[in-house]
1. Ignoring ligands, DNA and RNA, please state the percent of accessible area on segment 1-55 from carbon and sulfur, probe 1.4 Å.
2. For labels at ARG118 and HIS55 in the simple 7 Å Cα→Cβ model, what's the distance in nm?
3. Just add up the charged neighbours of LEU87: K/R +1, D/E -1, any other residue whose Cβ is under 14 Å from the Cβ of LEU87.
4. If you roll a 1.4 Å probe over the heavy atoms of the protein chains, what accessible area per residue do you get for segment 1-94, in Å²?
5. Decide, for segment 15-119, between rounded, prolate and oblate: order the square roots of the alpha carbon gyration tensor eigenvalues as a ≥ b ≥ c, take rounded if a/c falls under 1.5, and otherwise choose prolate if a/b is larger than b/c, else oblate.
6. How much FRET efficiency would the formula 1/(1 + (r/R0)^6) give for VAL39 and GLU96, where r is the Cβ-Cβ distance and R0 is 35 Å, rounded to 0.05?
7. How high is the relative contact order of segment 1-101? Use alpha-carbon pairs under 8 Å, at least six apart in sequence, and give a whole percent.
8. What distance in nm lies between label points placed 7 Å from Cα along the C-beta direction at SER11 and ALA107?
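The values are calculated or read from the model by the stated rules, or taken from the named source; none is laboratory data. Treat the numbers as computed from the prediction; the structure is a model and nothing was measured. Cβ atoms come from the backbone with ideal geometry, glycine included; neighbour counts cover every protein chain shown. When the accessible area is computed, the model is the full protein with side chains, heavy atoms only, and any ligands, DNA or RNA have been set aside. Shrake-Rupley method; radii C 1.70, N 1.55, O 1.52, S 1.80 Å.
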Amino acid sequence: MLSLIPSAPDSLLAALSSFALDMTFYRTPTFTPLRFLHVNVLQSISLFYGANSPHFYLSQGVPLLLGTQLPFFLDGVAQLSRRSAALPVRSRAALESLLYASAGTVAVYSLLSHKEWRFLHPLLPAMHLLVALSLVQRSSTAPHCAHSPCMTKRPCLRSTSPSTSAVSYT
């Protein structure tokens, strides 16, 4: 919580700027994020576009976005959750913050009735960092394959699915 204090002035400036721009555009005092919540959550106008089950983002949204990277994402989350594991990152706390923010966002979005996988697109860079964490950890500890001349210097990722390995090496 204390880490949020240095960003408070910038956040306040951004909120006031947004309010001033919205007030200029709509010619009445309007704070767009609150108006969005009022229309889409309280009045449920978004249900006009369809409703999905609460597990939609976990069972369909995240797998659709990550595709063949999903096993590496789950492995990265598992590695980050192990406190004793030494990670090749400068700031474990930063990765944990991204993971908590992503999980919180998915949890809050799951409470809404209308869900679309495209709502998760802003989380993709954070998810890719966890994918990268897994790949870096696996590449430094995996045995090297000598099955073909072009793969003699590349790590062997035999534990993954064939489609993931094919995508990783192309």
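1. 72 percent
2. 2.7 nm
3. In short, +3.
4. Value for segment 1-94: 74 Å² per residue.
5. Oblate shape, in that a/c is at least 1.5 and b/c is the bigger or equal ratio.
6. Efficiency at R0 = 35 Å is approximately 0.55.
7. Relative contact order of segment 1-101: 10 percent.
8. The two pseudo-label positions are separated by 1.7 nm.
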